[in-house]
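In what follows, a single structure is set out as structure tokens and then discussed.
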Amino acid sequence: MLEIKGKVNTAICYAKVIEEDAIEQIRTMCDYELTKDSKIRIMPDVHAGAGCTIGTTMTVIDKACPNVVGVDIGCGMYTVKLKEKELDFEKIDEVCHYIPSGKNVWEGREERFDLEQLRCRRNLNNTKRLERSLGTLGGGNHFIEIDQASDGTYYLVIHSGSRNLGKQVAEYYQQLAVDLHMGKEKYFAKRDEIIKTYKAAGRGKEIQHTLKELKKSYKTKVLSVPEDLCWLYGRFLEDYLHDVEICQAFARRNRERMAEIILEKTGMSTEESFHTIHNYIDTEEMILRKGAIAARKGEKVLIPVNMRDGSILAIGKGNKEWNDSAPHGAGRLMSRTRAKEQLDMETYKEVMKEVYTTSVNEQTLDEAPMAYKSLEDIIDVVSESVDVVEVMKPVFNFKAS
């Protein structure tokens, strides 16, 4: 256990080894009012991220930074227990290729998802395309996998999130947080008042010109907080939390729809299923988890390791000291850039030879098992927050390439 002290708060880190960049990110975060009175617990799979630290859990009181949650709001795993004892991997792979992945979306909407309730709706681009992204995998570390338990039972595992919807919502609210820290709250109040008054007076055509003049006359102040750590508060936080819940519901339904397509087209059937989410705000318990999962007492969770070593099936202990949380994976051993530079295809193919996959290629080299920590690195440290049921081995894997 490591204490990382800032000017405002102290974070407790449970990693055996942690890089200096991650320590500095955590310390910097703890220097600001964002973290005041928050209980910050950093998971063992911690590593530095883009402006925030992967593996962060913290209680949310009256402030939240959208950038800490990240752009893939609601990203997580969907685990489906299958009834079948024998599987047609060729057919499953065919269906996985049928599902849009990478930046691709469906040509038509798979099903209706109401985005009209988003409070930032007017600021989103190409909402028709966002709707068509429901039921699509995405790229990067997102995958569709079949794992096998020791008793022979197969589990379909889908890792995906809110696609470009979460990205747009996150970026809108982070920019709003920056604007607030530049002193624009009074400007926003005046802007809203003008819109309301002019509409009521039937002067709608004058609104744009009046707002342009208002913007010209308004002076901003210099930021005293890094852009990446600017936070929301008050009604702005309420709006963000409202929209976060919608993004999280979208991400959940996104995974479920992909599973339905796979089951429908392969004829496979399911016994039970559960979600394990790792980039979100639990709006009931008010806990933010970035690259971390909930591990409440009795809760079934899945912790992926890598595409060779599979996933850990576990039951949460409800460790309050850990913010009822657990690591979301083994964590990366090297950056994507470094992986592309240092890893080789021959070794990649060799370590994946026991898994049915058509995704082992140059495009997915940065997702090779060697780019991640091993099972041994994570299995011991998770025992504080979960009871391990077993380690399931992958027999099929698909990634966008």
Inside the stretch 303-352, the number of residues satisfying the requirement of being assigned to a loop (DSSP other than H, G, I, E, B) and more than 30 Å from M286 (Cβ to Cβ) is 9
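Please state which one of V105, V60, V68 is out of contact with any Gly (no Cβ under 7 Å at 6 or more places or on another chain), touching a residue at least 24 places away in the same chain (Cβ under 8 Å) and more than 30 Å from E227 (Cα to Cα). Walk me through how you get there before you give the answer.
Numbers: V60 fails: more than 30 Å from E227 (Cα to Cα); V68 fails: more than 30 Å from E227 (Cα to Cα).
Of the residues listed, the single one that is out of contact with any Gly (no Cβ under 7 Å at 6 or more places or on another chain), touching a residue at least 24 places away in the same chain (Cβ under 8 Å) and more than 30 Å from E227 (Cα to Cα) is V105.
For the stretch 355-381, what are the residues that are without any contact (Cβ under 8 Å) to a residue 12 or more places away in the chain and assigned to a loop (DSSP other than H, G, I, E, B)?
D380
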Taking the condition of being among the aliphatic types (A, V, I, L, M) and either surrounded by fewer than 21 Cβ atoms within 10 Å (Cβ to Cβ) or assigned to a helix (DSSP H, G or I) (or both), how many residues in the stretch 31-59 meet it? 3
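How about the stretch 311-364: which of its residues are closer than 28 Å to D88 by Cβ, surrounded by 15 or more Cβ atoms within 10 Å (Cβ to Cβ) and within 25 Å of the chain's Cα centre (by Cα)?
Keep residues of the stretch 311-364 that are closer than 28 Å to D88 by Cβ, which gives 311-313, 345, 348-364.
Checking the rest, the ones that are also surrounded by 15 or more Cβ atoms within 10 Å (Cβ to Cβ) come to 311-313, 348, 351-352, 355-360, 364.
S311, I312, L313, T357, S359, V360, T364 - these are the residues of the stretch 311-364 that are closer than 28 Å to D88 by Cβ, surrounded by 15 or more Cβ atoms within 10 Å (Cβ to Cβ) and within 25 Å of the chain's Cα centre (by Cα).
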For the list (1) of a type in the set (D, E); (2) more than 22 Å from the chain's Cα centre (by Cα); (3) farther than 28 Å from L232 by Cα, I need the number of the one condition that E145 fails. (2)
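Could you pull out the residue among G166, G140, G108, G161 that is at positive phi and among the small types (G, A, S)?
Details: G166 fails: at positive phi; G108 fails: at positive phi; G161 fails: at positive phi.
Just a single option satisfies the conditions, and that option is G140.
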Can you run down the residue pairs with Cβ atoms below 6 Å, 6 or more apart or on separate chains, where the first is in the stretch 181-193 and more than 16 Å from Q208 (Cβ to Cβ) and the partner is among the basic types (K, R) and modelled with pLDDT under 90? M182/K221; G183/K221
Looking only at the stretch 132-184, which residues are assigned to a helix (DSSP H, G or I) and small (G, A, S)? G166, A170, A177
When you scan the stretch 294-323, how many residues do you find that are in contact (Cβ under 8 Å) with a residue 60 or more places away in the chain, out of contact with any helix residue (DSSP H, G or I) (no Cβ under 9 Å at 6 or more places or on another chain) and under 18 Å from I12 (Cβ atoms)? 1
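The values are calculated or read from the model by the stated rules, or taken from the named source; none is laboratory data. What you see is a predicted model; the values in this text were computed from it and never measured. Positions of Cβ are generated from backbone atoms using ideal geometry, with glycine treated the same way; all protein chains shown enter the neighbour counts.
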